[in-house]
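S.K.: Please read through the structure below; I'll follow up with questions.
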Amino acid sequence: MSLTNFALKEEYKRLENLGDKLSEIESLIDWKPFRPIIAEMYNNKTELGGRPNLDEIVMLKMLVLQQWHGLSDPELERQATDRISFRKFLGFPAKVPDSTTVWGFRERISQTGKEDEIWNELQRQLDNKGLEIKKSMIQDATFIHADSGHANLDTPRGNDAKTRRCKDGTWTKKASKSH
């Protein structure tokens with residue numbers, strides 16, 4: 001174990017005492033069944049050779065983090081480098097995969113048709129444990145006031161409308177006041 005890994009693991013203990021949901025989830029999933037599914041996507045272990053792959057499970061866990069946290073590829077790379085809970089979930093890899101590598105891995109999954117097989121295995125394991133992943137969205141419902149113009153409400157909108165009024169906006173009522 002390197003000094004860096006030792007320091008990270010010691011620092012992680014502080015987070016663990018506060019509660020780490022990713023660690024709880026990670027312990028519920030058996031990652032071994034994914035390895036043969038993903039290994040089938042590569043042919044560099046033949047006589048043709050090729051550059052060694054990054055660990056299949058680390059790459060899969062990167063996609064899981066991305067999906068569960070709604071992250072872009074560059075943001076996933078930043079978060080996986082910065083957040084100790086992400087690093088722990090990934091198993092403290094020596095190198096966090098960069099955004100291009102994540103993109104390429106996701107493309108390879110799609111091209112080989114392994115996407116359904118991988119996500120079905122994950123869902124099967126979660127179902128067997130009675131777990132459900134819920135996804136929600138926070139929506140900003142701020143009213144943006146625009147110039148109402150001089151036209152009546154029934155005046156046509158769109159590119160041909162001859163009004164200063166917002167061409168895309170509509171109106172609503174909140175507490176009996178029109179906005």
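S.K.: Just add up the charged neighbours of Lys32: K/R +1, D/E -1, any other residue whose Cβ is under 12 Å from the Cβ of Lys32. Please report the intermediate quantities before stating the final value.
M.R.: Values: positive: Arg35; negative: Asp30, Glu56, Glu121.
Net of charged neighbours comes to -2.
S.K.: Could you work out how far apart the two model spin labels at Lys95 and Ile25 are, taking each label as a point 7 Å from the Cα in the direction of the beta carbon, and quote it in nm?
M.R.: Computed distance between label sites Lys95 and Ile25 equals 2.7 nm.
S.K.: Sort Arg106, Arg14 by heavy-atom solvent-accessible area, probe 1.4 angstrom, most to least. Show your work: numbers first, answer last.
M.R.: Numbers: Arg106 75, Arg14 155 Å².
Largest to smallest exposure gives the sequence Arg14, Arg106.
S.K.: Which entries of Lys9/Lys129; Lys61/Lys129; Lys95/Lys129 show an alpha-carbon separation above 26 angstrom in the structure shown? List each step's numbers first, then the result.
M.R.: Working: Lys9/Lys129 28 Å; Lys61/Lys129 19 Å; Lys95/Lys129 32 Å.
As for pairs spanning more than 26 Å Cα to Cα, those are Lys9/Lys129; Lys95/Lys129.
S.K.: Compute the accessible area per residue over region 75-133, keeping the other protein chains in place, probe 1.4 Å, unit Å². Don't skip to the answer; put the middle values down first.
M.R.: Details: 3470 Å² over 59 residues.
Per residue, region 75-133 has an accessible area of 59 Å².
S.K.: Could you tell me what percent of the accessible area of region 63-112 is made up of carbon and sulfur, with a 1.4 Å probe and every protein chain present?
M.R.: 46
The values are calculated or read from the model by the stated rules, or taken from the named source; none is laboratory data. The structure displayed is predicted, hence computed values, not measured ones. Don't worry about glycine lacking a Cβ; one is built from the backbone with ideal geometry, like all the others, and counts go over all protein chains shown. For accessibility, only protein heavy atoms count, side chains too; no ligands or nucleic acids. Shrake-Rupley method; radii C 1.70, N 1.55, O 1.52, S 1.80 Å.
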